[in-house]
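Notes to accompany the following structure.
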Amino acid sequence: MRVNHQTSARAARALERPSGFANPWLVLGLEVICVLIYELLQKRGASETASLSQTWSWVGITALISPLVWLAMLLMIVSLLSWLYVLRYIPLSIAFPLSRVVDVLIPLSCWLVLGENISPRRWCGIALVIVGLMLTAKPAAHLEEKL
Amino acid sequence: MNWIVIVLIPIALVAFVTGQLFLKRGMESSAEKGFRDARVISFLIYGVLSMSVNFFLTLGLLAHLDLSFVYPFQGLSVIIISIAAAIVLREKLNFRLTLGALLISAGIVLVSMS
């Protein structure tokens, strides 16, 4: 009986949601921002160094000269660790769809920051993802109330 | 498109989904049992292994195919992961979440195809 009580108390404590900077929703946002920035840094770093060697640029070796690429690797590690933290608290069927907000943010920032073009078909895709995210965010808000 | 591609793309997708499920399972039980627990450690190791299989298969596919062909299949992972989480991890999946995941998947496919 007593053991049972202890384990359930431990389980309840484990499921307690941390607040402040340890809030899992905030960490999910951090993960998304890290992914967004490292993709852009990789793109910049790789294309800046592509002219150094025709052959080696294709396997990513020349990109290692760029400090932007090293910063990207650091952000990759941060994003992985924050994703693992998110998984500890948020159901996968909510956290994973929400994390794909990067698939909207990346084309938008390529358009804004790198001056790349967005085709009409791509705009339609972006709109679909946004509607899907809004549908997913509502149950996420409910989950928050329950916690 | 040859048969290697038809075989490798589903394997890469399955490896990604199983990897996420293992990581989720491992992190979830770590909240209760800590990181020294043998089951937690093996879940996390299986997760990392599956993700590595996906990583190398994706690199291999990208070496031979366009990103605009390979990435849309990764987009399908959203709906597959939601369904797998409902079946394997017993997460509650209502109509709204399913529709949301479907739209996100469809959107990613459209975004990455063009």
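The values are calculated or read from the model by the stated rules, or taken from the named source; none is laboratory data. Just so we're clear, the structure is a prediction, and the values are computed from it rather than from any experiment. Note: ideal-geometry Cβ built from the backbone for every residue, glycine included; neighbour counts use all protein chains shown.
Numbers for the structure displayed
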{"read-out": "Lone qualifier among B:LEU23, B:LEU57, B:LEU49 - being at pLDDT 95 or above and more than 18 Å from B:ALA84 (Cα to Cα)", "value": "B:LEU49"}
{"read-out": "Residue identified as closer than 25 Å to A:LEU81 by Cα and more than 10 Å from chain A (Cβ to nearest Cβ) among B:LEU57, B:LEU62", "value": "B:LEU57"}
{"read-out": "Count of segment B:1-18 residues which are within 10 Å of the chain's Cα centre (by Cα) and loosely packed, with under 13 Cβ neighbours inside 10 Å", "value": "0"}
{"read-out": "Residue pairs meeting the criteria (Cβ under 7 Å; at least 6 apart or on separate chains; first within 10 Å of chain B (Cβ to nearest Cβ), in segment A:106-120; second charged (D, E, K, R))", "value": "A:ILE106/A:GLU39; A:PRO107/A:ARG122"}
{"read-out": "Long-range neighbours under 6 Å by Cβ, at least six apart or interchain, first residue farther than 10 Å from A:ALA127 by Cα and within 7 Å of chain A (Cβ to nearest Cβ) within segment B:99-114, second among the polar types (S, T, N, Q) and part of a loop (DSSP other than H, G, I, E, B)", "value": "B:SER114/A:SER119"}
{"read-out": "Options A:VAL78, A:VAL69, A:VAL86: the member that is within 30 Å of B:ILE41 (Cβ to Cβ), β-branched (Val, Ile, Thr) and buried (at least 20 other Cβ atoms within 10 Å of the Cβ)", "value": "A:VAL86"}
{"read-out": "Residue check, B:LEU44 in contact with a helix residue (DSSP H, G or I) (Cβ under 8 Å, 6 or more places away or on another chain), at the interface with chain A (Cβ under 10 Å from one of its Cβ atoms) and under 28 Å from A:HIS142 (Cβ atoms)", "value": "no"}
{"read-out": "Residues satisfying the stated conditions in segment A:54-74, i.e. among the small types (Gly, Ala, Ser) and in a helix (DSSP H, G or I)", "value": "A:SER57, A:ALA63, A:ALA72"}
{"read-out": "Any hit, segment B:25-40, residues being part of a helix (DSSP H, G or I), more than 12 Å from every other protein chain (Cβ to nearest Cβ) and without any contact (Cβ under 8 Å) to a residue 40 or more places away in the chain", "value": "yes"}
{"read-out": "Failed item in (1) at the interface with chain A (Cβ under 9 Å from one of its Cβ atoms); (2) outside any helix (DSSP H, G or I); (3) among the basic types (Lys, Arg), with B:ARG96 passing the rest", "value": "(2)"}
{"read-out": "Residue check, A:LEU36 away from every other protein chain (no Cβ under 14 Å), touching a residue at least 12 places away in the same chain (Cβ under 8 Å), closer than 22 Å to B:ILE81 by Cβ and assigned to a helix (DSSP H, G or I)", "value": "yes"}
{"read-out": "Residue list for segment A:86-101, filter: farther than 15 Å from A:GLU39 by Cβ, assigned to a helix (DSSP H, G or I) and more than 8 Å from chain B (Cβ to nearest Cβ)", "value": "A:VAL86, A:ALA95, A:LEU98"}
{"read-out": "Filter result (out of contact with any helix residue (DSSP H, G or I) (no Cβ under 6 Å at 6 or more places or on another chain), modelled with pLDDT of 80 or more and either within 30 Å of B:MET27 (Cα to Cα) or of a type in the set (A, V, I, L, M) (or both)) within segment A:41-88", "value": "A:LEU64, A:TRP70, A:MET73, A:LEU74, A:ILE77, A:LEU80, A:LEU81"}
